[in-house]
Amino acid sequence: MSAVLFFIAAIGAISGAIGVVTLRNPFYSVLALAFHLVSLAALFLLLRAEFVAAGQVVVYAGAVMVLYVFVVAYVGGGEPLASGAVLRVLGPLFAVALAVELSIAMLGSGLKGIKGRGAPFHPGFGTPAHIGRLLLTKYLFPFEAASILLLLAAVGAVVLARRRRGLPGDEEPPLRFRATEPDYTGTMAEAAGVRPTAYDELLHPEAQGAPATDAPEPTHTGGW
Amino acid sequence: MAIGWYLAVSAIIFCIGAGGVMSRRNPLVILLCLELMLNGANLALVAFARMWGGEDGQVFALIVLVVAAAEVTVGLGLIVALYRRRLPIDVDELSELHG
């Protein structure tokens, strides 16, 4: 039973990984990675790592993938880029060479445990209780360091992704210009009504006998 | 299943990710391939933890998970900043720091 599950999960994980690399549309690559992560979580469950599997699904397949999807939707896939001529050959070659080297290293390692099914299982292995106790006692320092790293990453992401000139509200200074004012604007003569001003002509064109312009009727016609 | 099978799967996933990092040009996909490599390493860590019957490897895998999340955040922030500055989303074009 566990062998069947293992092969299903392993084939899912590997095909998801191949999909990430080969699919041209980044959005489909993200979906393939989500599939790969869920399959990998199944592999973790088979290895009795319940907490890691849960964290994988919640943090990765949940949060990080949503972040990816948002960025792909924001940036857009763009036109699919063909890889460079040299790297298109060199990349897969390098990957195959690395795989061969890893296989040789693994088969030649002589570790006896590789052939076995692992240490005898004792109940509670890999549960949140055990992992949490380890994190808060033996591995307290890496735990705190990880929290500081997360904080720094959040601050760094905000600094990187914000607009260059501070907050969006004060990005551009308000545009100011001085309109040329009609003569006698703001003088005592205007206040006393001694001289007709340009504003009077604008507000009451018929009183001045001026030809009616086809300018729209000013909405603000009241006096003081 | 023997532990060796899990290690083989982790090695294959790591190599697929490495090949993708080398051959793809979209920085988003390169980040995804980095995730693949980290996941391959994670699988090996958890497999070894099972092999020895200790949970230390799982703690290590969790820390790797955290580091991967931090890396994704900063990487995606960089990509958004690139997009804001109207730079091409293509690592072959972004060669100002070539030296």
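The values are calculated or read from the model by the stated rules, or taken from the named source; none is laboratory data. Just so it is clear, the model here is predicted, and its values are computed rather than measured. For neighbour counting, all protein chains shown are included, and Cβ atoms are generated from backbone atoms with ideal geometry for every residue, glycine included.
Structure notes:
- Long-range neighbours under 7 Å by Cβ, at least six apart or interchain, first residue crowded, with 20+ Cβ neighbours inside 10 Å within segment A:42-54, second part of a loop (DSSP other than H, G, I, E, B): A:Arg48/A:Phe121; A:Arg48/A:Phe125; A:Arg48/A:Gly126; A:Ala49/A:Gly126; A:Phe51/A:Gly126; A:Phe51/A:Thr127
- Whichever residue in segment B:10-65 is within 22 Å of A:Ala32 (Cβ to Cβ) and charged (D, E, K, R) and, among such residues, is nearest to the other protein chains (Cβ to nearest Cβ): B:Arg25
- Looking at A:Leu47, A:Leu40, A:Leu23, just one residue is within 9 Å of another protein chain (Cβ to nearest Cβ) and in contact with a Lys or Arg (Cβ under 7 Å, 6 or more places away or on another chain), and that residue is A:Leu47.
Every residue, every condition in (1) hydroxyl-bearing (Ser, Thr, Tyr); (2) surrounded by 13 or more Cβ atoms within 10 Å (Cβ to Cβ), yes or no:
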| site | (1), (2) |
| --- | --- |
| A:Ala95 | no, yes |
| A:Ala99 | no, yes |
| A:Ser103 | yes, yes |
| A:Gly118 | no, yes |
| A:Ala129 | no, no |
| A:Leu134 | no, yes |
| A:Leu151 | no, no |
| A:Ala157 | no, yes |
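- Considering residues of segment A:1-12 that are in a helix (DSSP H, G or I), among the hydrophobic types (A, V, I, L, M, F, W, C) and farther than 13 Å from B:Ile12 by Cα only, the residue farthest from the other protein chains (Cβ to nearest Cβ): A:Ile8
- Enumeration of residues in segment B:38-93 that are buried (at least 22 other Cβ atoms within 10 Å of the Cβ) and of a type in the set (D, E, K, R): B:Arg50, B:Glu55
- Any hit, segment A:75-94, residues being in contact with a helix residue (DSSP H, G or I) (Cβ under 9 Å, 6 or more places away or on another chain), assigned to a helix (DSSP H, G or I), within 8 Å of chain B (Cβ to nearest Cβ) and in contact (Cβ under 8 Å) with a residue 40 or more places away in the chain: no
- Selection over segment A:13-60 of residues that are in a helix (DSSP H, G or I), under 20 Å from the mean Cα position of the chain (by Cα) and farther than 12 Å from B:Leu32 by Cα gives a count of 6.
- Unique residue being more than 25 Å from B:Pro88 (Cβ to Cβ), touching a Leu at 6+ places or on another chain (Cβ under 6 Å) and at pLDDT 90 or above when the list is A:Ala41, A:Ala13: A:Ala13
- Number of residues in segment A:122-144 that are in contact with a helix residue (DSSP H, G or I) (Cβ under 9 Å, 6 or more places away or on another chain) and either of a type outside the set (Gly, Ala, Ser) or at positive phi (or both): the value is 14.
- Some residue of segment B:67-79 being of a type in the set (Val, Ile, Thr) and in contact with a Lys or Arg (Cβ under 6 Å, 6 or more places away or on another chain): no
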